[in-house]
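Beneath this line is the structure, given in structure tokens, with notes to follow.
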Amino acid sequence: MIFNLTDVLMGLAGGLLIGAAAALLLLANGKIAGISGIVSRTVRQASNDRPETIAFIAGLIGAPALYGLLVAPPDISITQNPALIVAGGIIVGLGTVLGNGCTSGHGVCGVSRLSMRSIIAVCVFMAVAVLTTVFLRPVVGG
Amino acid sequence: MRIAIALLAGAIFGLGLTISDMVNPARVLAFLDVAGGAWDPTLAFVMGGAILPMAVAWRLTHTGTPFLATKFPGPASRVIDARLVGGAALFGLGWGLVGLCPGPALAVLSLDGWPAWLFAAAMLGGMMLANLLNRRGS
């Protein structure tokens, strides 16, 4: 196990910012900051809050870009296997919309209101993600 | 005004994902890889840190209305069905393969080259497919 105090404290600080952002969206706009919901609503034909969801996505993409320009671009390490990337992307998109949420919608917004649905979803996706990373990823060559 | 708040919330959310390094798939996979001998607990602190302000916010929704809208979201659904469990399992599979979930997949777009864009495009395709399936199913 690696325990780097700086990493953990930055993680905690970043997490508090994520929670504060979700709290702001809930208390001001009455909306749940689930990213898969926000993105899938934006590309759905019958969307009634598209200007808001597009603004949220613009901030979500724009702030890291500004951080990269003004502070320092973080090192990103991602698989270079295009087949794995396409398969992973499609499955994440499909799964989060069918299961009605992802790490933010179920993990942050649902668990914090003690929704049983979200707690079960988090247990399932965490367990499958751990099993996939440990057993499947070495085989498919991520 | 609601659009400005949404933009601000998205920006704070993206900044949080960046400084916590959750935009980096290697960091996420180091949390998920519990057997690798180099387990990195950072993601647990990010989740814990994010749940705290939201737990307070949900308490504040018990009375009144949002500042800029007419009502808060209704009570959480209590339906536990195959769609929820199957969807969550699919999501876990994709997340474990690449190390990106929907928030970081968008936040990382300006920080990485073609792999991030390819992932985001595939994810959008998967979401549109699920929207189609949901429309047929209901």
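The values are calculated or read from the model by the stated rules, or taken from the named source; none is laboratory data. All values reported here derive from a predicted model rather than from experimental measurement. Cβ sites come from the backbone with ideal geometry, for glycine too, and all protein chains shown count toward neighbours.
Structure summary
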item	result
Output for the range A:103-129, where each listed residue is closer than 12 Å to B:Phe91 by Cα, in contact with a His (Cβ under 8 Å, 6 or more places away or on another chain) and among the polar types (S, T, N, Q)	none
Candidates B:Ala9, B:Ala44 - the one that is under 16 Å from the mean Cα position of the chain (by Cα), assigned to a helix (DSSP H, G or I), within 22 Å of A:Ser115 (Cβ to Cβ) and more than 7 Å from every other protein chain (Cβ to nearest Cβ)	B:Ala44
Answer residue from the range B:74-88, given it is closer than 30 Å to B:Met1 by Cα and loosely packed, with under 15 Cβ neighbours inside 10 Å and is farthest from the other protein chains (Cβ to nearest Cβ) among those	B:Gly74
Where B:Ser110 falls short, out of the listed (1) surrounded by fewer than 17 Cβ atoms within 10 Å (Cβ to Cβ); (2) assigned to a loop (DSSP other than H, G, I, E, B); (3) not acidic (Asp, Glu)	(1)
Residue match in the range A:127-135 (condition: at the interface with another protein chain (Cβ under 7 Å from one of its Cβ atoms), free of Cβ contacts under 8 Å to residues at least 40 places away in the same chain and aromatic (Phe, Trp, Tyr))	no
Residue under evaluation A:Gly62, criteria (1) more than 7 Å from chain B (Cβ to nearest Cβ); (2) out of contact with any Ser or Thr (no Cβ under 7 Å at 6 or more places or on another chain); (3) at pLDDT 95 or above, criterion not met	(1)
Tally of residues being assigned to a loop (DSSP other than H, G, I, E, B), touching a Phe, Trp or Tyr at 6+ places or on another chain (Cβ under 8 Å) and farther than 30 Å from B:Gly36 by Cβ across the range A:1-38	2
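Let's see how each residue does on (1) surrounded by 23 or more Cβ atoms within 10 Å (Cβ to Cβ); (2) assigned to a helix (DSSP H, G or I); (3) within 14 Å of the chain's Cα centre (by Cα):
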| site | (1), (2), (3) |
| --- | --- |
| B:Thr18 | yes, yes, yes |
| B:Arg27 | yes, yes, no |
| B:Trp39 | no, no, no |
| B:Ala50 | yes, yes, yes |
| B:Arg59 | no, yes, no |
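Yes/no per residue for (1) part of a helix (DSSP H, G or I); (2) touching a residue at least 24 places away in the same chain (Cβ under 8 Å); (3) farther than 17 Å from B:Val108 by Cα:
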{"site": "A:Leu66", "(1), (2), (3)": "yes, no, no"}
{"site": "A:Ser77", "(1), (2), (3)": "no, no, no"}
{"site": "A:Gln80", "(1), (2), (3)": "no, no, no"}
{"site": "A:Ala83", "(1), (2), (3)": "yes, no, yes"}
{"site": "A:Gly107", "(1), (2), (3)": "yes, no, yes"}
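Results for (1) within 15 Å of the chain's Cα centre (by Cα); (2) buried (at least 20 other Cβ atoms within 10 Å of the Cβ), shown as yes or no for each residue.
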position	(1), (2)
B:Leu97	no, yes
B:Cys101	yes, yes
B:Ala120	yes, yes
B:Met123	yes, yes
B:Met127	yes, yes
B:Leu133	no, no
B:Arg136	no, no
